[in-house]
1. I'd like to verify a number: residues in region B:114-141 that are part of a helix (DSSP H, G or I), buried (at least 20 other Cβ atoms within 10 Å of the Cβ), within 7 Å of chain A (Cβ to nearest Cβ) and touching a helix residue (DSSP H, G or I) at 6+ places or on another chain (Cβ under 6 Å), how many?
2. Among the residues of region A:46-88, write down those that are of a type in the set (Val, Ile, Thr) and within 14 Å of chain B (Cβ to nearest Cβ).
3. Among the numbered criteria (1) modelled with pLDDT of 85 or more; (2) exposed (fewer than 14 other Cβ atoms within 10 Å of the Cβ); (3) of a type outside the set (Lys, Arg), which one does A:GLY253 miss?
4. Within region A:96-107, count every residue that is more than 11 Å from A:ALA148 (Cβ to Cβ) and either assigned to a helix (DSSP H, G or I) or without any contact (Cβ under 8 Å) to a residue 40 or more places away in the chain (or both).
5. Find the residue count for region B:142-157, including only residues that are facing chain A (nearest Cβ under 8 Å) and over 24 Å from B:MET222 (Cα atoms).
6. Name every residue in region A:299-331 that is more than 31 Å from the chain's Cα centre (by Cα), of a type outside the set (Lys, Arg) and part of a strand (DSSP E or B), in order of residue number.
7. Looking at (1) more than 26 Å from A:TYR345 (Cβ to Cβ); (2) modelled with pLDDT of 85 or more; (3) surrounded by 14 or more Cβ atoms within 10 Å (Cβ to Cβ), which is the one condition that is false for A:ARG232?
8. What pairs come out if I take residues in region B:200-220 that are within 13 Å of B:PHE164 (Cα to Cα) and pair them with residues that are β-branched (Val, Ile, Thr) and at pLDDT 90 or above whose C-beta lies under 6 Å away, six or more apart or interchain?
Amino acid sequence: MAILETMDLEQRAGAAVLLSKVSLSVEKGEIFVVIGPTGAGKTTLLRLINLLDRPTAGDIIFDGQKITDPSCDTVKARRRMAMVFQKPAVFNNTVYENVAYPLKVRGAHGKTEKSAVHQLLETIGLGGYARRKAKTLSGGEAQRVALARAVVVKPDLLLLDEPTANLDPVNVKMIEELVMRFNRERGLTVIMSTHDMQQAQRVANRIGVLMNGQLVQVGRPGDIFYSPDNARIAGFVGMRNMFRGYIVRNEAGIAVINIGGRDIQTVSDLPVESAVEIYIRPEDVVLAMTAASSSARNNLRCSITSLSSIGPLCTVTVDCGFPLEVLVTDKSVVEMGLSQGQELYASFKASAVRVLPSMPR
Amino acid sequence: MQEIWQALVQAVNLIVSLDPEVIQISLRSLYISGCSILIAALFCIPLGGLIHFHDFSGKRVVINIIQTFYSLPTVVVGLMVFLFISRSGPLGGLELMFTPTAVVIGQVILIIPVLTGMTISALSGVDRAIRDTALSSGASNAQAMWAILFEARFAVVGALILGFGRAISEVGAALMLGGNIRGYTRILTTAISLETQRGDLVLALALGIILISIAMVVSITMNILLQRY
């Protein structure tokens with residue numbers, strides 16, 4: 001059951017269109033992640049849902065109620081949600097008072113609630129901090145306080161606007177784990193925005209891609225990362241090997257595509273002569289010394305043009321008529337003795353190539 | 001320079017010996033200016049909030065006018081109030097002339113611009129994120145405004161201390177409206193003015209030191225109270 005739906009939501013600021021025809025549906029109990037580059041409209045969308053701003057057009061339905069209706073009680077609707085902002089914001093008061101604030105404005109601050117606040121502080125790892133001044137906390141601690149303040153009233157919907165954008169890796173991990181824990185233990189529905197693809201993959205049940213104010217693709221993490229709908233999304237989610245070509249022939253769904261003079265076998269139903277864009281994920285390509293060692297349909301003779309190590313992995317760029325990036329482990333680089341100028345084979349399956357019809361430009 | 005040292009010694013003497021007249025004058029100063037700041041605060045903090053939280057055309061102009069009146073001369077205030085409450089003025093029938101009430105009226109008018117303007121500045125100094133955080137925490141508009149005011153409390157108390165300082169240290173309005181009547185409207189500043197004219201510079205200076213001490217004690221007390229919250 002959808003707990004939140006937006007219908008043709010639109011937000012303009014003067015001539016600028018911040019959001020355009022955004023229609024999405026979030027299911028009860030899921031973690032829905034909105035990804036998109038900076039300025040895509042993620043914050044605008046979450047602020048509209050939290051009723052902090054009013055949309056110029058469109059509606060928001062929250063638990064069956066049209067909350068964008070002028071007759072709707074804004075405060076009442078807002079009290080069923082909670083939001084954490086990108087910049088950790090704390091009241092200039094004690095940590096306890098910060099977390100207890102939502103209870104106090106609701107006039108619900110009895111003994112049970114007090115102990116709930118203390119328990120929550122334990123959960124976020126700030127057990128002994130109740131009387132500390134919130135302003136003296138680090139960014140990560142302040143953001144955890146903001147998260148505790150958001151969930152203390154057991155909302156039906158938690159909105160997180162790039163909650164970890166300014167935090168160190170340890171705090172990023174803590175916040176993610178807390179969010180997933182609240183989601184799991186309390187069935188809390190979460191809408192979170194981020195520009196971090198890996199984070200989206202880690203926490204999301206479903207992902208919506210927001211670009212230039214438009215919701216361009218919604219799907220499960222795998223759908224977005226392995227089958228992006230267009231070149232912009234592919235570029236944004238980190239698809240690096242993108243090439244243009246045309247279909248030379250198509251035999252029973254196995255389309256042969258000419259890329260820079262080389263034939264690549266792919267899986268596609270597009271007709272011969274179609275102009276296409278193809279993507280090959282760097283981790284789907286295998287390097288081998290001989291052509292026969294792989295069952296993949298594509299075995300391209302190539303030479304290494306560069307190697308660059310990133311942590312435990314190494315990006316190897318090979319020239320096979322076109323520059324192809326390949327991701328291998330540092331260990332393999334040493335074992336295979338890979339070096340610049342070396343001749344070898346790059347192989348990948350026909351099904352590993354994502355084929356999209358070329359967009360008119 | 002000899003006078004300053006003597007004045008310091010005399011000031012300490014007057015305080016330690018609990019000189020009845022000095023104590024009475026000091027308490028009256030404290031009382032009159034305390035009333036002024038309290039009345040002004042009850043009026044100015046909501047007014048500052050009203051101006052800050054509402055968008056209307058000419059808001060900038062209003063704020064500029066308020067800030068211009070920071071430099072309102074005390075004698076001009078004295079004169080204006082005088083015209084209203086003197087026997088022939090529109091409020092002459094209330095017989096307020098040369099009463100402590102008249103002095104309070106003058107001081108309130110004097111500090112209204114400072115207190116209102118500084119309240120607006122204090123509220124504008126609060127991060128917008130506080131409003132968003134309060135609202136998304138479920139606060140009503142009124143509760144969110146209160147949260148913002150609470151966030152600005154240090155600056156607002158600073159404005160109160162400044163307003164109190166302006167009230168207790170002014171002499172123009174107090175002299176013109178109170179008349180420096182002994183035992184009735186004589187306060188520290190009018191007494192200093194009188195003793196200077198009489199030529200008792202040491203007493204005048206001693207009273208000046210007492211006045212500054214009072215301002216200091218008030219300021220420190222307020223800050224200590226503030227630290228608790």
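The values are calculated or read from the model by the stated rules, or taken from the named source; none is laboratory data. Everything numeric in this text was worked out from a predicted model, so none of it was measured. As a convention, Cβ positions derive from the backbone with ideal geometry for all residues, glycine included, and neighbour counts pool all protein chains shown.
1. Residues meeting the conditions: 1.
2. Let us first name the residues in region A:46-88 that are of a type in the set (Val, Ile, Thr), namely A:49, A:56, A:60-61, A:67-68, A:74-75, A:84.
Of everything in region A:46-88, those that are of a type in the set (Val, Ile, Thr) and within 14 Å of chain B (Cβ to nearest Cβ) turn out to be A:ILE49, A:ILE67, A:THR74, A:VAL75, A:VAL84.
3. (1)
4. Within region A:96-107, the first condition is being more than 11 Å from A:ALA148 (Cβ to Cβ), and the residues that meet it are A:97, A:103-107.
This time we only want the ones that are either assigned to a helix (DSSP H, G or I) or without any contact (Cβ under 8 Å) to a residue 40 or more places away in the chain (or both), so: A:97, A:103-105, A:107.
Qualifying residue count for the region: 5.
5. Total meeting the criteria: 1.
6. Hits for region A:299-331 are A:ASN299, A:LEU300, A:CYS302, A:SER303, A:ILE304, A:THR305, A:ASP319.
7. Going through (1) more than 26 Å from A:TYR345 (Cβ to Cβ); (2) modelled with pLDDT of 85 or more; (3) surrounded by 14 or more Cβ atoms within 10 Å (Cβ to Cβ) one by one, A:ARG232 breaks only (2).
8. B:SER219/B:ILE161
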